[in-house]
Amino acid sequence: QVQLVESGGGLAQPGGSLRLSCAASGFTLDYYAIAWFRQAPGKEREGVACISSQYENTDYADSVKGRFTISRDNAKNTVYLQMNSLKAEDTAVYYCAATMRLMSKICVLYGGDYDGWGQGTQVTVSS
């Protein structure tokens, strides 16, 4: 079973930065597309960023383009989300998710395509 653990969340001021990590255990990420999702209380879950299993093709939500960067380090079995220029509306619980059901060159920001999920890490952006 896919096991993912997020870390790196915490408090940041508007304009600040955080780097989230998603570490896999029990499997290797080489053949998995990975995505970051977030959910704030009372709001729908939204896809933030994703990266394909090969070729590092990525996609981002319009709200984070130019500010967030997803990357993967297969040697460390870890995926990262670098979050810059943070805004208050970025406050949410962030989850990483994995799937091997997609072709190696693509990723999607649709949660229904992902079958392995982490427990989430809280990101709070406030002055």
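The values are calculated or read from the model by the stated rules, or taken from the named source; none is laboratory data. Remember, it's a predicted structure, so these values are computed and weren't measured experimentally. Counting neighbours? That spans all protein chains shown, and the Cβs are built from the backbone with ideal geometry, glycine included. What goes into the accessible areas is simple: the full protein's heavy atoms, side chains included, and nothing from ligands, DNA or RNA. Shrake-Rupley method; radii C 1.70, N 1.55, O 1.52, S 1.80 Å.
Summary of computed values
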| read-out | value |
| --- | --- |
| Candidates 49, 61, filtered to the one that is buried (at least 23 other Cβ atoms within 10 Å of the Cβ), touching a strand residue (DSSP E or B) at 6+ places or on another chain (Cβ under 8 Å) and hydrophobic (A, V, I, L, M, F, W, C) | 49 |
| Criterion violated by residue 67 - all others in (1) surrounded by 14 or more Cβ atoms within 10 Å (Cβ to Cβ); (2) touching a residue at least 40 places away in the same chain (Cβ under 8 Å); (3) not β-branched (Val, Ile, Thr) satisfied | (2) |
| Within region 31-127, strands (runs of 3 or more DSSP E) holding 2 or more residues that are touching a Leu at 6+ places or on another chain (Cβ under 9 Å), more than 14 Å from residue 18 (Cβ to Cβ) and aliphatic (A, V, I, L, M) | 33-39, 92-99 |
| Hits in region 7-30 (condition: of a type outside the set (Gly, Ala, Ser) and either open to solvent by less than 20 Å² (accessible area, probe 1.4 Å) or assigned to a loop (DSSP other than H, G, I, E, B) (or both)) | 13, 14, 20, 22, 27, 28, 29 |
| Count of region 96-108 residues which are modelled with pLDDT of 95 or more and touching an Asp or Glu at 6+ places or on another chain (Cβ under 7 Å) | 1 |
| The one condition in (1) farther than 15 Å from residue 102 by Cβ; (2) touching a residue at least 40 places away in the same chain (Cβ under 8 Å); (3) open to solvent by less than 50 Å² (accessible area, probe 1.4 Å) that residue 74 fails to fulfil | (3) |
| Subset of region 77-114 [open to solvent by 40 Å² or more (accessible area, probe 1.4 Å) and in contact with a helix residue (DSSP H, G or I) (Cβ under 6 Å, 6 or more places away or on another chain)] | 100 |
